[in-house]
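Colleague: Take this structure, written in structure tokens, and hold onto it; I'll ask about it next.
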Amino acid sequence: MGGKCPHRHVKKRRYSHKTARRTKFELKGDDMVYAQLNITDQERPSLPLDEDLPGMGQYYCLHCDRYFSNIAVRDEHFKTKRHKKRVKQMMGPAPHTQLDADLAAGMGMPDNGPKLMSM
Ligand SMILES: [Zn+2]
């Protein structure tokens, strides 16, 4: 007798690789990043020192919402395709925000005019 040994069938652990779980590491929503990009440097708070982050949170790519351990790594990141794509995306038309979705759904911004009915 012979045949296939049932134990030989090893399931591949598809979700062990980081890329497969990319969504778990996913970053801020595009609209949030976009909002960050639209404020000036003066308005933007300086990066707080954070021991939990690589490089104490001082080397940050705003476009990608990522932290780097040192400036060289960050500069390398600036040259990557992924980053450039991201920048291009951010330079383009504004990403859809929740407000857009609400407007599209016919739920406009709350009208802040004078209240006609007093409580
Ligand atoms: Zn980047």
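Colleague: If I filter region 90-103 down to residues being without any contact (Cβ under 8 Å) to a residue 24 or more places away in the chain and in a helix (DSSP H, G or I), which single residue comes out as nearest to the ligand (Cβ to nearest atom)?
Modeller: That would be Met91.
Colleague: With Ala72, Ala94, Ala105, Ala101 as the choices, which residue is exposed (fewer than 11 other Cβ atoms within 10 Å of the Cβ) and either at pLDDT 90 or above or within 18 Å of the chain's Cα centre (by Cα) (or both)?
Modeller: Ala72
Colleague: Exactly one condition in (1) loosely packed, with under 14 Cβ neighbours inside 10 Å; (2) modelled with pLDDT of 65 or more; (3) under 16 Å from the mean Cα position of the chain (by Cα); (4) among the hydrophobic types (A, V, I, L, M, F, W, C) is false for Ile39; which is it?
Modeller: It fails just one condition, (3).
Colleague: Looking at region 51-69, which of the residues that are more than 11 Å from the ligand (Cβ to nearest atom) and among the hydrophobic types (A, V, I, L, M, F, W, C) is surrounded by the most Cβ atoms within 10 Å (Cβ to Cβ)?
Modeller: Checking each candidate, the answer is Leu53.
Colleague: Which members of region 76-88 meet the condition of being assigned to a loop (DSSP other than H, G, I, E, B) and surrounded by fewer than 11 Cβ atoms within 10 Å (Cβ to Cβ)?
Modeller: Lys79 - this is the single residue of region 76-88 that is assigned to a loop (DSSP other than H, G, I, E, B) and surrounded by fewer than 11 Cβ atoms within 10 Å (Cβ to Cβ).
Colleague: Restricting to region 76-89, name every residue that is more than 10 Å from the ligand (Cβ to nearest atom) and within 15 Å of Gly29 (Cα to Cα).
Modeller: Selection gives Gln89 alone.
Colleague: When region 40-75 is examined, which residues are found to be part of a strand (DSSP E or B) and over 20 Å from Asp30 (Cβ atoms)?
Modeller: Scanning region 40-75 gives Tyr59, Phe68.
The values are calculated or read from the model by the stated rules, or taken from the named source; none is laboratory data. Note that this is a predicted model, so its numbers are computed, not measured. Reconstructed Cβ throughout: ideal geometry from the backbone, glycine too, with neighbour counts over all protein chains shown.
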